[in-house]
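A.B. asks: Have a look at this one.
The values are calculated or read from the model by the stated rules, or taken from the named source; none is laboratory data. The model shown is predicted, which means the values in this text are computed figures rather than measured ones. Note: ideal-geometry Cβ built from the backbone for every residue, glycine included; neighbour counts use all protein chains shown. The area values use the complete protein model at the heavy-atom level, side chains included, leaving out ligands, DNA and RNA. Shrake-Rupley method; radii C 1.70, N 1.55, O 1.52, S 1.80 Å.
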Amino acid sequence: MAGAILSDLGTEIIIPVCAFIGIAFSLLQWVLVSKISVSPEKSPADRKNGFTESLIEEEEGINDHNVVNKCAEIQNAISEGATSFLFTMYQYVGVFMVAFAILIFLFLGSVEGFSTKSQACTYDTTKTCKPALATALFSTISFLLGAVTSVVSGFLGMKIATYANARTTLEARKGVGKAFIVAFRSGAVMGFLLAANGLLVLYITILLFKLYYGDDWEGLFEAITGYGLGGSSMALFGRVGGGIYTKAADVGADLVGKVERNIPEDDPRNPAVIADNVGDNVGDIAGMGSDLFGSYAESSCAALVVASISSFGISHDLTAMCYPLLISSVGIIVCLLTTLFATDFFEVRTVKEIEPALKKQLIISTVLMTIGVAIVSWIALPTSFTIFNFGAQKEVQNWQLFLCVCVGLWAGLIIGFVTEYYTSNAYSPVQDVADSCRTGAATNVIFGLALGYKSVIIPIFAIAVSIFVSFTFAAMYGIAVAALGMLSTIATGLAIDAYGPISDNAGGIAEMAGMSHRIRERTDALDAAGNTTAAIGKGFAIGSAALVSLALFGAFVSRAGISVVDVLTPKVFIGLLVGAMLPYWFSAMTMKSVGSAALKMVEEVRRQFNTIPGLMEGTAKPDYATCVKISTDASIKEMIPPGALVMLTPLIVGIFFGVETLSGVLAGALVSGVQIAISASNTGGAWDNAKKYIEAGVSDHAKSLGPKGSDPHKAAVIGDTIGDPLKDTSGPSLNILIKLMAVESLVFAPFFATHGGLLFKLF
């Protein structure tokens, strides 16, 4: 068994260096974005060779100073609304965080009756490990670290997005290419900050915990699982709270503004318009950031837990142990090179080049990452080693682990492109949905639902193949690194994802600032491409969530001492049924929350249109603050029940019904949750782009359905409105449900194995 080429010292240098490079690169992108001035004075960056680049405004004789001032004003309103909402949400979530941290400490500490004596190791009883009380304390610390990192990631992403939206609008005056670069650079700031921070905090935590644990790697990496739990529990509240906020405002603004009053999207006369734009940032940016950070933290934790009880951990081979972190480190460098292709090597000049430029990002990053993974697998892994496989050790070669990562990486790309095919208006599925609007909203809804169900087929096969291949090669560790493979290009994925809401906001600001029709066309083109890429991002998030939760499930089953999960035993089967029901219960809660919040919003928007004289004529200003308050109050109140459902289910099932029933619940939730999440996201995305297809009126077919305000267009708006909570609240939140329940079960596994199953013990 030959050792790895890379020394332990090399590993200890490479991981933090790559993380710092990622942080430095994101700061560089931020500096480049900040050079665009949001004040009426001409910035030096606008002048080349002494000549100012011609702006459309000047050609059309619109006062440039007024427009810039208006943009700055709107940007401030959006930024303030987003910041105040997140601060309010974090206050509530902070209370939960402290309460749950205490719960973790009490539950895990009670496993050995709060004893401070060393205990026999779980997997190798001949050795002694640190006391359960230490695991309780360090799990609690890593939970808090994960939670804080997740919150900071989401908050920084939102700040950057609200900083960049008006700058994108102002650059759109010079051309679509300039605006694209600003929006993409801003997305990259968030992507790289999040990927680098997640890696750095996890690595530093491992090093600090090692000072206490020493050679007890089994205990060390069991305590590290709290990091993933912290990341995902914050993501759940961010996703659900942000999703309810954004969709309540969006549905309210669309139903009254577009359908009843026949005014354009983002019209400044619409009272819900600021709340709608704030929502894009708190839901799609802060929520998505926390979500993908959670996936990344959990897949790393799942891989590390399994590795610690394999030959890597037993022989204390630090370089091989850090293989998951080395993949993420290489991912940062690969994404950095990939980003340069979009911003520096090739310039987007026309509207038609936007979507291909974003798709090339995915392809380039995947190809480069394949090479990167091959190098890491060659230098960081011994030629052969053993991996823990449900009680036995399985012999594995380094090339097999390379294939496991690649299977995940390429499955992610396939899921991304299938999602794009079903949600982009360039292809027939969305065009068919648009065509069905001829006969009204009902046929539009039927076609949209059918499209969503159909779009599940290929992604599920892709996930199934990657599970089979990676498990055959390297058991549960293979599945964990396949999930990491899918998430290895997280910086590029997030950059593309954050680009969408930034472009959407830029279009809203252009409309509200009264810019010319030509500028709005440019921002609409950026936004339409962003819509499709957001759907691709959701596909990635769902696919990786399926693999991550399966890897966590495997780690939980091993830790809880279950030798086999037998579906034919009633204990497991009832768990399976209940688990499969949970995503429906959760979706019902989130959908109803959006519906009731939207109801209040619609009533408020109608009230303002009816009671404020001169509002429709544009002589009076609407009361934006009331609409922002409605969204904030509704989302804070409504995010608690779905959050409680997800967080309490594993605890209740584990304590009262035991680990076998809980394993059934986890399997059931995973199997049904993935299907609902993919179909909900794609149905909503297709309805949204069918509406945009009619509005843009580019082809003869689209022109025959339009223009805005026609009956087919109104039917499309209704479809889009129904799809809003599906694609931005229920769908994306479900992938957190399946991951979070699995990681929570893993963290509490020692307690459930010792004290769980109270009801079955009575009979």
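A.B. asks: Conditions: (1) at pLDDT 90 or above; (2) more than 21 Å from residue 650 (Cβ to Cβ); (3) open to solvent by less than 60 Å² (accessible area, probe 1.4 Å); (4) of a type outside the set (D, E, K, R). Residue 147 meets all but one. Number of the miss?
C.D. replies: Condition (2) is where residue 147 drops out.
A.B. asks: Does residue 727 satisfy the criteria of being surrounded by fewer than 24 Cβ atoms within 10 Å (Cβ to Cβ) and charged (D, E, K, R)?
C.D. replies: Details: surrounded by fewer than 24 Cβ atoms within 10 Å (Cβ to Cβ): no; charged (D, E, K, R): yes.
Against the criterion (surrounded by fewer than 24 Cβ atoms within 10 Å (Cβ to Cβ) and charged (D, E, K, R)), residue 727 does not qualify.
A.B. asks: For residue 485, all conditions in the list (1) in contact with a Ser or Thr (Cβ under 7 Å, 6 or more places away or on another chain); (2) crowded, with 24+ Cβ neighbours inside 10 Å hold save one; what is the number of the exception?
C.D. replies: All conditions are met except number (1).
A.B. asks: Is it true that residue 602 is in contact (Cβ under 8 Å) with a residue 12 or more places away in the chain, open to solvent by less than 40 Å² (accessible area, probe 1.4 Å) and in a helix (DSSP H, G or I)? I'd like the intermediate steps shown before the answer.
C.D. replies: Working: in contact (Cβ under 8 Å) with a residue 12 or more places away in the chain: yes; open to solvent by less than 40 Å² (accessible area, probe 1.4 Å): yes; in a helix (DSSP H, G or I): yes.
Here the answer is yes, as residue 602 does meet what is asked.
A.B. asks: Taking residue 524, is it under 28 Å from the mean Cα position of the chain (by Cα), surrounded by 24 or more Cβ atoms within 10 Å (Cβ to Cβ), within 28 Å of residue 194 (Cα to Cα) and modelled with pLDDT under 90? Steps first, answer last, please.
C.D. replies: Details: under 28 Å from the mean Cα position of the chain (by Cα): yes; surrounded by 24 or more Cβ atoms within 10 Å (Cβ to Cβ): no; within 28 Å of residue 194 (Cα to Cα): yes; modelled with pLDDT under 90: yes.
In short, no.
A.B. asks: Any residue at all in segment 227-240 that is over 20 Å from residue 147 (Cβ atoms) and within 20 Å of the chain's Cα centre (by Cα)? Quick ask: steps written out before the conclusion?
C.D. replies: Taking segment 227-240 as the starting set, the residues that turn out to be over 20 Å from residue 147 (Cβ atoms) are none.
Taking every residue of segment 227-240 in turn, none turns out to be over 20 Å from residue 147 (Cβ atoms) and within 20 Å of the chain's Cα centre (by Cα).
A.B. asks: How many of the residues making up segment 345-373 are under 29 Å from residue 315 (Cβ atoms), open to solvent by 40 Å² or more (accessible area, probe 1.4 Å) and either of a type outside the set (Val, Ile, Thr) or in contact (Cβ under 8 Å) with a residue 40 or more places away in the chain (or both)? Outline the logic, then answer.
C.D. replies: Of the residues in segment 345-373, the ones under 29 Å from residue 315 (Cβ atoms) are 369-373.
So of that shortlist, the ones also open to solvent by 40 Å² or more (accessible area, probe 1.4 Å) come out as 371.
Going one step further and asking which of them are either of a type outside the set (Val, Ile, Thr) or in contact (Cβ under 8 Å) with a residue 40 or more places away in the chain (or both), we end up with none.
The number of residues fulfilling the criteria is 0.
A.B. asks: Do you know which residues across segment 288-312 are touching a strand residue (DSSP E or B) at 6+ places or on another chain (Cβ under 9 Å), surrounded by 24 or more Cβ atoms within 10 Å (Cβ to Cβ) and not in a loop (DSSP other than H, G, I, E, B)?
C.D. replies: The answer is 306, 307, 312.
A.B. asks: Hey, could you check segment 605-632 for residues that are among the β-branched types (Val, Ile, Thr) and either modelled with pLDDT under 90 or open to solvent by less than 40 Å² (accessible area, probe 1.4 Å) (or both) and say which is nearest to the chain's Cα centre (by Cα)? Can you show your working first?
C.D. replies: First pass over segment 605-632, keeping only residues among the β-branched types (Val, Ile, Thr): 605, 611-612, 619, 626, 628, 630, 632.
Right, trim to either modelled with pLDDT under 90 or open to solvent by less than 40 Å² (accessible area, probe 1.4 Å) (or both) and you get 605, 619, 628, 630, 632.
On the way: 605: 31, 619: 41, 628: 24, 630: 25, 632: 21 Å.
Restricting to residues being among the β-branched types (Val, Ile, Thr) and either modelled with pLDDT under 90 or open to solvent by less than 40 Å² (accessible area, probe 1.4 Å) (or both), the top hit is 632.
Quick grid of which residues meet (1) open to solvent by 30 Å² or more (accessible area, probe 1.4 Å); (2) of a type outside the set (S, T, N, Q); (3) modelled with pLDDT under 95:
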residue	(1), (2), (3)
424	no, no, yes
443	yes, no, no
453	yes, yes, no
479	no, yes, yes
496	no, yes, yes
502	no, yes, yes
506	no, yes, yes
530	no, yes, yes
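A.B. asks: Still on this model: Residues of segment 347-366 being of a type in the set (Lys, Arg) and over 17 Å from residue 535 (Cβ atoms), which ones? Walk me through it before giving the result.
C.D. replies: Filtering segment 347-366 for residues of a type in the set (Lys, Arg) gives 349, 352, 359-360.
Within segment 347-366, 349, 352, 360 meet the criteria.
A.B. asks: Additional query: Tell me which residues, restricted to segment 244-254, are at pLDDT 90 or above and either farther than 16 Å from residue 505 by Cβ or open to solvent by 10 Å² or more (accessible area, probe 1.4 Å) (or both).
C.D. replies: Result: 244, single match.
A.B. asks: Being among the acidic types (Asp, Glu) and either touching a Leu at 6+ places or on another chain (Cβ under 6 Å) or free of Cβ contacts under 8 Å to residues at least 60 places away in the same chain (or both) is the filter here, so list the residues in segment 413-439 that pass it. Step through it out loud before you land on a result.
C.D. replies: Residues of segment 413-439 that are among the acidic types (Asp, Glu), as a first pass: 420, 432, 435.
Of everything in segment 413-439, just one residue is among the acidic types (Asp, Glu) and either touching a Leu at 6+ places or on another chain (Cβ under 6 Å) or free of Cβ contacts under 8 Å to residues at least 60 places away in the same chain (or both), namely 432.
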